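**Student:** Got a structure for you, questions after.
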Amino acid sequence: MSCALTPPVQESPQPVTGCVPADLSDTFEDRTVSFHDGAVVCEEPQVQPPLAFPDIMSGVAGSFGEIYASYLEPPAHFFYMAFLTCLGNVLTGRLVVNSELSPEPRFYAVIVGASADDRKSTAIAKTAAFFEEVVPEFSVCHGVGSAEGLQRKLVKSPKVVLFCDEFKAFVSKCKIESSVLLPCVTTLFESDRYEAHTAKSRINIKNAALSILAACTTDTYEMIMDTHFLAIGFPNRLFLVPGHGQRRFSFPNRVSEDEKAMLELHLRRLLDFVGERRELEITENARRLYHEWYMALPQSVHAKRLDTYAMRFMGLLAVNDLKPSIDEETVRKVIALCDWQLQVRRRYDPIDADSVVARLEEKIRRVLQTGPKKRRELSKAVNAHRAGLWMFNMALSNLLAAGQIAESRKTYRFVHD
């Protein structure tokens, strides 16, 4: 029985569920097809909208995002976060927050979106090019295949932004069995040094300031949510920046020279404001506000290192607005940004890590209620290998922190109320 492309006129057109011609099946794959007023209507699959970026963009980073987004198709917050990534690397060693932790303003940003459509690479490429033009000491590494290669780049320039137009290449290199690239980059997130000595190679990185500015698809991000990356804690070192670009300009104009000159002037003014070294104090109201947020952080896999990012963003967002101290307004922006990141991590987690950890916690409690267990016995009893050792360790840490279990001489026991 054949199906015509022009069905009889109906008062209320109904979706067609089985009458698509064979020669159109590829065209309509994964789409909803219906007839309307005698024409074939093809609807794209519904895409879950990204979480709205908080209303915090201001200062030179905000101006950069708004101006470049008015000429190009990536959303403004792609440019904003890319700008902050580059700025944080430039200011490492020059911008100091008055804390014993001495948080550095550099970080690892990964812009997440659909392949090609969201114009991820455009945002990071234009931002990196802008900094290369304006800041002579700005150094970009356009790809790295090994820790040895990264070491050679850091020897030439201690401050480096690792630019990954497609994060998948970096992830693939990290999965090579003999490679130490992953532990090296993971360590350099919070440290300025990394060492690895073998009979055939010697890696000795010192006084390094590494940032990452990368673009990846959701499929690539899911590749790092496996035990290889989770066991070393790499995913929670990444600051994810999802969003959707829109087709607006078939032939984009150049950013006007006046606007570009204005952005350059504001960036130079910011760098002069920081100088060789600027130490920022935090006001009492800002400190109180941050303390309340910090103490209320949920005990979640996805909340790991959000406090680290909050400390790093405080100084960065303050000088971005040319503020001489970290005030309450700055801390509110930081909290909004980190709360947004918590929601992003939860949405983009392909394995629902919080639920996995929660189930392991309950299993551990039940097993220990029957009597104390060595770590190996406990791991076997709850089938930790199924969820992964990282999840098992996280569940143990949560229970220990909550005082529900206790550990002594590598033996765990349940703590009764």
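**Student:** Find the residue count for the stretch 313-352, including only residues that are of a type in the set (D, E, K, R), under 24 Å from Gly275 (Cα atoms) and either at pLDDT below 95 or touching a Gly at 6+ places or on another chain (Cβ under 7 Å) (or both).
**Tutor:** Residues flagged as of a type in the set (D, E, K, R), under 24 Å from Gly275 (Cα atoms) and either at pLDDT below 95 or touching a Gly at 6+ places or on another chain (Cβ under 7 Å) (or both) within the stretch 313-352 amount to 1.
**Student:** Among residues belonging to the stretch 193-218 that are closer than 19 Å to Phe138 by Cβ and in contact with a Leu (Cβ under 6 Å, 6 or more places away or on another chain), point out the one that is surrounded by the fewest Cβ atoms within 10 Å (Cβ to Cβ).
**Tutor:** Among those that are closer than 19 Å to Phe138 by Cβ and in contact with a Leu (Cβ under 6 Å, 6 or more places away or on another chain), it is Ala208.
**Student:** Among (1) within 19 Å of the chain's Cα centre (by Cα); (2) open to solvent by 20 Å² or more (accessible area, probe 1.4 Å); (3) in contact (Cβ under 8 Å) with a residue 12 or more places away in the chain, where does Arg332 come up short?
**Tutor:** Going through the list (1) within 19 Å of the chain's Cα centre (by Cα); (2) open to solvent by 20 Å² or more (accessible area, probe 1.4 Å); (3) in contact (Cβ under 8 Å) with a residue 12 or more places away in the chain, Arg332 breaks only (1).
**Student:** Among the numbered conditions (1) under 18 Å from Ala61 (Cβ atoms); (2) touching a Leu at 6+ places or on another chain (Cβ under 7 Å), tell me where Tyr309 comes up short.
**Tutor:** (2)
**Student:** In the stretch 288-313, how many residues are of a type in the set (Lys, Arg) and exposed (fewer than 14 other Cβ atoms within 10 Å of the Cβ)? Give the steps one after another, and end with the answer.
**Tutor:** To start, the set of residues in the stretch 288-313 that are of a type in the set (Lys, Arg) comprises 288, 304-305, 312.
Cutting the leftovers down to exposed (fewer than 14 other Cβ atoms within 10 Å of the Cβ) gives us 288.
Residues flagged as of a type in the set (Lys, Arg) and exposed (fewer than 14 other Cβ atoms within 10 Å of the Cβ) within the stretch 288-313 amount to 1.
**Student:** Any residue in the stretch 57-84 that's closer than 16 Å to Gln341 by Cβ: show its pairings with residues that are assigned to a helix (DSSP H, G or I) and of a type in the set (Asp, Glu) at Cβ separation under 8 Å, as long as the two are six or more apart or on different chains.
**Tutor:** Every condition considered, the pairs that remain are Met57/Glu66.
**Student:** Would you please name the residue that is nearest to Val144 (Cα to Cα), looking only at residues in the stretch 219-260 that are open to solvent by 70 Å² or more (accessible area, probe 1.4 Å) and without any contact (Cβ under 8 Å) to a residue 24 or more places away in the chain?
**Tutor:** First, pick out the residues of the stretch 219-260 that are open to solvent by 70 Å² or more (accessible area, probe 1.4 Å): 219, 222, 227-228, 231, 244, 246-248, 250-251, 253-254, 257-258.
Next, only the ones that are without any contact (Cβ under 8 Å) to a residue 24 or more places away in the chain stay: 219, 250-251, 257-258.
On the way: Asp219: 21, Ser250: 33, Phe251: 33, Glu257: 34, Asp258: 36 Å.
This residue is Asp219.
**Student:** Might you check whether a residue that is surrounded by fewer than 17 Cβ atoms within 10 Å (Cβ to Cβ), modelled with pLDDT under 95 and out of contact with any helix residue (DSSP H, G or I) (no Cβ under 9 Å at 6 or more places or on another chain) occurs anywhere in the stretch 111-124?
**Tutor:** Within the stretch 111-124, the first condition is being surrounded by fewer than 17 Cβ atoms within 10 Å (Cβ to Cβ), and the residues that meet it are 114-117.
With the extra rule that they be modelled with pLDDT under 95, the set shrinks to 114-117.
In the following step, the residues that additionally are out of contact with any helix residue (DSSP H, G or I) (no Cβ under 9 Å at 6 or more places or on another chain) were identified as 116-117.
Yes: the stretch 111-124 contains one or more residues that are surrounded by fewer than 17 Cβ atoms within 10 Å (Cβ to Cβ), modelled with pLDDT under 95 and out of contact with any helix residue (DSSP H, G or I) (no Cβ under 9 Å at 6 or more places or on another chain).
**Student:** Of everything in the stretch 314-328, what is in a helix (DSSP H, G or I) and surrounded by fewer than 18 Cβ atoms within 10 Å (Cβ to Cβ)? Give them in sequence order. Steps first, answer last, please.
**Tutor:** Within the stretch 314-328, the first condition is being in a helix (DSSP H, G or I), and the residues that meet it are 314-320, 328.
Listed by number, the list holds a single entry, Glu328.
**Student:** For the list (1) open to solvent by less than 40 Å² (accessible area, probe 1.4 Å); (2) modelled with pLDDT of 95 or more; (3) on the phi < 0 side of the Ramachandran plot; (4) not charged (D, E, K, R), I need the number of the one condition that Gly59 fails.
**Tutor:** (3)
**Student:** Same structure again: Answer with yes or no whether Leu101 is of a type in the set (A, V, I, L, M), at pLDDT below 95 and within 30 Å of Ser325 (Cβ to Cβ).
**Tutor:** Details: of a type in the set (A, V, I, L, M): yes; at pLDDT below 95: yes; within 30 Å of Ser325 (Cβ to Cβ): yes.
So Leu101 fits the description; yes.
**Student:** May I pose another question? For the stretch 270-289, how many residues meet the condition of being in contact (Cβ under 8 Å) with a residue 24 or more places away in the chain and more than 24 Å from Arg332 (Cβ to Cβ)?
**Tutor:** 4
**Student:** Would you mention how many residues in the stretch 147-198 are in contact (Cβ under 8 Å) with a residue 24 or more places away in the chain, closer than 18 Å to Leu230 by Cβ and in a loop (DSSP other than H, G, I, E, B)?
**Tutor:** Qualifying residue count, the stretch 147-198: 5.
**Student:** If you take the residues in the stretch 71-111 that are of a type in the set (Ser, Thr, Tyr) and not in a helix (DSSP H, G or I), which one is nearest to Thr283 (Cα to Cα)? Step through it out loud before you land on a result.
**Tutor:** Residues of the stretch 71-111 of a type in the set (Ser, Thr, Tyr): 71, 80, 85, 92, 99, 102, 108.
Now narrow it down to the ones that are not in a helix (DSSP H, G or I): 71, 92, 99, 102, 108.
Numbers: Tyr71: 38, Thr92: 22, Ser99: 13, Ser102: 17, Tyr108: 27 Å.
Checked the stretch 71-111; the qualifying residue nearest to Thr283 (Cα to Cα) is Ser99.
**Student:** Collect the residues in the stretch 130-146 that are β-branched (Val, Ile, Thr), under 22 Å from the mean Cα position of the chain (by Cα) and either under 21 Å from Glu259 (Cα atoms) or not in a loop (DSSP other than H, G, I, E, B) (or both), keeping them in residue-number order. Steps first, answer last, please.
**Tutor:** Within the stretch 130-146, the subset β-branched (Val, Ile, Thr) is 134-135, 140, 144.
Those left that are additionally under 22 Å from the mean Cα position of the chain (by Cα): 140, 144.
The one that is β-branched (Val, Ile, Thr), under 22 Å from the mean Cα position of the chain (by Cα) and either under 21 Å from Glu259 (Cα atoms) or not in a loop (DSSP other than H, G, I, E, B) (or both): Val140.
**Student:** Among (1) acidic (Asp, Glu); (2) under 30 Å from Arg287 (Cβ atoms); (3) part of a strand (DSSP E or B), there is one condition Glu407 misses while meeting the rest; what is its number?
**Tutor:** Glu407 satisfies every listed condition except (2).
**Student:** Against the definition (at positive phi, open to solvent by 20 Å² or more (accessible area, probe 1.4 Å) and either part of a helix (DSSP H, G or I) or out of contact with any helix residue (DSSP H, G or I) (no Cβ under 8 Å at 6 or more places or on another chain) (or both)), how does Gly371 come out, yes or no?
**Tutor:** Numbers: at positive phi: yes; open to solvent by 20 Å² or more (accessible area, probe 1.4 Å): no; either part of a helix (DSSP H, G or I) or out of contact with any helix residue (DSSP H, G or I) (no Cβ under 8 Å at 6 or more places or on another chain) (or both): yes.
It is false that Gly371 is at positive phi, open to solvent by 20 Å² or more (accessible area, probe 1.4 Å) and either part of a helix (DSSP H, G or I) or out of contact with any helix residue (DSSP H, G or I) (no Cβ under 8 Å at 6 or more places or on another chain) (or both).
The values are calculated or read from the model by the stated rules, or taken from the named source; none is laboratory data. None of these values were measured; they are calculated from a predicted model. Methodologically, a virtual Cβ is constructed for each residue, glycine included, from the backbone with ideal geometry; neighbour enumeration extends over all protein chains shown. What goes into the accessible areas is simple: the full protein's heavy atoms, side chains included, and nothing from ligands, DNA or RNA. Shrake-Rupley method; radii C 1.70, N 1.55, O 1.52, S 1.80 Å.
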